[in-house]
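Remarks on the structure that follows.
The values are calculated or read from the model by the stated rules, or taken from the named source; none is laboratory data. As the structure is a prediction and not an experimental result, all values here were calculated from the model. So basically every Cβ, Gly included, is an ideal-geometry build from the backbone, and we count neighbours across all protein chains shown. SASA here: full protein model, heavy atoms, side chains in, ligands and nucleic acids out. Shrake-Rupley method; radii C 1.70, N 1.55, O 1.52, S 1.80 Å.
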Amino acid sequence: LAKANGRNCARLFDPNDPQSSDESENIAALLKIAIERDLVSLVFQPILSVRSGQVEALEALMRLTMPDGTAVPPSLFIPVAERTGAILELGRWAIRTACGELMANEHIRTISVNVSPVQLKAPGFAASVAAALGEAGVPGSRLAFEITEGLEMEMHSDVLRCISDLKLLGIKIWLDDFGTGFAGLSWLRLIDFDVVKVDRSFLHDCVSPRGQAMFRDIVGLLRNRGQKILVEGVESEEQMDLLRKLAIDLAQGFHVGRPARAESFRSFFPPSRRQKALGNPL
Ligand code: C2E
Ligand code: MG
Ligand code: MG
Ligand code: MG
C-alpha cells in the first residue's frame with residue numbers, strides 16, 4: 001500500500017501528467033491516513049517582541065510529507081482538508097500536539113495555532129479544545145488561535161458564539177493575514193482581537209514610497225484602535241529597523257527565525273532558560 005500510495009502521490013507535482021487533475025483526490029486520500037501513518041507534523045516559528053528582542057510566542061505550522069518523503073505545501077493540502085472535512089481531525093491533532101509542547105516546556109509562553117473557519121463552525125469545537133487543555137493541564141491563556149479573514153467566512157452567528165466560548169477558556173484570538181481580504185475591517189468591528197497580524201505583502205511593498213505610505217496607514221489605523229500589532233514576513237535587518245521606528249509590538253519572519261522542529265526551537269530561548277529547557281524531556 002505504501003508503494004502504491006507513493007506512486008500515486010508522486011504524480012502530484014508533474015503538470016504534464018494527464019493524471020495531475022487527480023491531484024486533490026490524491027491529497028484527500030493521503031490526508032485520511034496522514035495521522036496514523038505519521039505523515040503530518042508541526043514546525044514552530046518564533047515571534048519576537050520588537051522592543052525586548054525576546055521570543056513571545058511560537059506559531060505552529062502544519063507539515064505533510066508523502067510516504068516517499070516529498071513535502072506537500074500547506075497551500076495545497078489545507079484547502080483540500082477544508083473541502084473534505086479532514087481539517088477537523090487534523091486541527092484537533094494540531095491543538096493536542098501544541099498543548100503537549102506547552103506542557104513539556106513551561107518557558108514557552110504562548111503557542112499560536114492556525115484555525116480554519118470550518119473548525120469554528122463545527123459543533124463541539126470549543127469543548128474539544130477545553131478537553132485538550134485539560135488533558136495537558138495547560139491554561140487556555142497559553143494558546144492563541146489565528147483566524148484568517150476570508151470571503152468564505154461570513155459572520156456566522158455560530159462562529160461568533162464559538163469565538164466567545166474560546167475566549168471564556170482564556171484562549172487568545174489573533175487575526176491572521178490582515179489586509180488580504182475584503183472583510184478585515186468588519187472583523188475588527190465585530191471581534192476583539194488580542195493581536196492583528198499584518199500580511200507580509202504590506203511590509204514587502206515598503207520598497208516603494210507608495211507601499212511604505214500604505215504600510216504606515218495600516219499601522220496607524222490599527223494603532224488608533226488600540227490594537228496590538230504583529231508584522232509578518234520580516235526578511236531583513238532594514239525591515240526590522242522600520243518596525244522599531246514604527247514601534248510595532250511583534251515581529252515574525254525568516255530574518256527572525258525559520259519554522260523549525262520542536263527539538264530545535266529551544267535555541268530561540270535565552271541561555272538560562274534554555275539550560276532549564278534542555279533538562280526537560282519533550
Ligand atoms: P500563515 O498562517 O500566514 O503562516 C505564515 C506562512 O508564512 C508560513 O507558510 C510561513 O512559513 C511563511 N513565512 C514565515 N516567515 C516568512 C518570511 O519571512 N517570508 C516568507 N516569504 N514567508 C514566511 P506555510 O507554513 O507554508 O503556511 C502557509 C499557510 O497555510 C499558513 O499561512 C496558514 O494559513 C496555513 N496553515 C499552516 N498550518 C496550518 C494549520 O495547522 N491549520 C490551518 N488551518 N492552516 C494552516
Ligand atoms: Mg498564521
Ligand atoms: Mg493563515
Ligand atoms: Mg499569516
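What to note about this one:
- Criterion applied to Pro67, Pro74 was being modelled with pLDDT under 95 and either surrounded by 14 or more Cβ atoms within 10 Å (Cβ to Cβ) or under 14 Å from the mean Cα position of the chain (by Cα) (or both), and the one residue passing it is Pro67.
- Odd one out for Thr110 among (1) open to solvent by less than 40 Å² (accessible area, probe 1.4 Å); (2) in contact with a Pro (Cβ under 9 Å, 6 or more places away or on another chain); (3) away from ligand 1 (no atom under 13 Å from the Cβ): (2)
- Filtered by the rule that a residue be of a type in the set (A, V, I, L, M), outside any loop (DSSP other than H, G, I, E, B) and either within 14 Å of ligand 4 (Cβ to nearest atom) or in contact with a Leu (Cβ under 7 Å, 6 or more places away or on another chain) (or both), segment 226-241 gives Ile229, Leu230, Val231.
- All positions within segment 182-200 that are within 13 Å of ligand 3 (Cβ to nearest atom) and open to solvent by 30 Å² or more (accessible area, probe 1.4 Å): Arg200
- Residue within segment 113-120 that is buried (at least 17 other Cβ atoms within 10 Å of the Cβ), β-branched (Val, Ile, Thr), in a helix (DSSP H, G or I) and within 16 Å of ligand 2 (Cβ to nearest atom) present: yes
- Segment 122-158, residues that are assigned to a helix (DSSP H, G or I) and at pLDDT below 90: Ser157, Asp158
- A single entry from Arg244, Arg258, Arg223 fulfils the requirement of being basic (Lys, Arg) and in a loop (DSSP other than H, G, I, E, B): Arg258.
- Between Ser128, Ser141, Ser157, the distinction of being free of Cβ contacts under 8 Å to residues at least 40 places away in the same chain, open to solvent by 10 Å² or more (accessible area, probe 1.4 Å), more than 14 Å from ligand 1 (Cβ to nearest atom) and in contact with a helix residue (DSSP H, G or I) (Cβ under 7 Å, 6 or more places away or on another chain) belongs to Ser128 only.
- Residues of segment 163-181 that turn out to be within 15 Å of ligand 3 (Cβ to nearest atom) and of a type in the set (Ser, Thr, Tyr), as a count: 1
- Filter result for Ile218 (open to solvent by less than 40 Å² (accessible area, probe 1.4 Å), more than 20 Å from Val256 (Cα to Cα) and part of a helix (DSSP H, G or I)): yes
- Residue match in segment 247-266 (condition: of a type in the set (Phe, Trp, Tyr) and modelled with pLDDT of 95 or more): yes
- Matching residues, segment 220-260, being within 18 Å of Gly181 (Cβ to Cβ) and among the hydrophobic types (A, V, I, L, M, F, W, C): Leu221, Leu222, Ile229, Leu230, Val231
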